[in-house]
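This report concerns only the one structure given below.
The values are calculated or read from the model by the stated rules, or taken from the named source; none is laboratory data. Everything numeric here is computed off the predicted structure, so don't read it as measured data. Don't worry about glycine lacking a Cβ; one is built from the backbone with ideal geometry, like all the others, and counts go over all protein chains shown. Surface accessibility is based on the protein's heavy atoms, side chains included, excluding ligands, DNA and RNA. Shrake-Rupley method; radii C 1.70, N 1.55, O 1.52, S 1.80 Å.
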Amino acid sequence: LWLKIILNTLNIMKITVCRRAHFNSAHRLANLSWSKEKNLEVFGKCSYDNYHGHNYELIVKLRGEIDPVTGMVIDLSDLKKIIKVEVEDLLDHKNLNLDIPHFKNLIPSTENLAIFIWNKLRNAIEMECDLSVTLYETPRNFVEYSG
């Protein structure tokens, strides 16, 4: 409560800006040091040799101060371009296991993919803000990561 009062007194207001994106990728969940049977036991059909795909939905959230000159935290067209270059162009219609070097020795679970995306965006967004990503693998299965 005191922090809120102090922030209001200093007229520091933060707001969250969100942008939704979409990409399609294939992957296989498997620990390569395990047998085929063990992978099937742990990962089920997600461990099948021929991979499977998802229509991923991504929500990127930036929390920061409103620029008094522009009235914005970030120009959403700039955020759109960053997401396109850093996420969509890189991951759309790719096999995560085969096409993305980061996942050569790392299981491309939704959790690991969200962290990967967060790191790509954090490096590309050149402003002081809090960043979080929510990654939907299916309409009912999703993860959130904020660094």
- What is the gain in length, in nm to one decimal, between ARG63 and MET127 on full extension, counting 0.36 nm per residue of separation less the C-alpha to C-alpha distance? 22.0 nm
- Could you pull out every one of the lysines with an alpha carbon less than 27 Å from that of LYS120, ignoring same-chain neighbours closer than 8 positions? LYS14, LYS61, LYS80, LYS81, LYS84, LYS94, LYS104
- With all protein chains present and a 1.4 Å probe, the order of CYS129, CYS18, CYS46 from largest accessible area down is CYS18, CYS46, CYS129
- Query: If you count the DSSP beta bridges with both ends in the chain, what percent of them are antiparallel, to the nearest 5?
  - Reply: 95
- Item | Extended-chain gain in nm, criterion 0.36 nm per residue less alpha-carbon gap, LEU40 and ASN55 | 3.1 nm
- Message: Is there a quick way to get the dipole size of the chain? I mean about its Cα centre, with the Cβ of Lys and Arg at +1 and of Asp and Glu at -1; what is the value in debye to the nearest 20?
- Response: 240
- Stretched out fully, how many nm does the piece from PHE142 to THR16 gain, at 0.36 nm a residue minus the Cα gap? 43.4 nm
- Message: Looking at the chain as a GNM with Cα springs under 10 Å, which of VAL133, VAL42, VAL85 has the largest mean-square fluctuation?
- Response: VAL42
- Expressed in square angstrom to the nearest 10, the accessible area of LEU79 with a 1.4 Å probe stands at 0
- In a Gaussian network model over the chain where Cα atoms closer than 10 Å are linked, find which of TYR48, TYR56, TYR136 has the largest mean-square fluctuation. TYR48
- Message: If I compute Rg and Dmax of the Cα atoms in Å from the structure I just sent, which labelled value in (i) 18.5, 61; (ii) 19.9, 64; (iii) 15.1, 51 lines up?
- Response: (i)
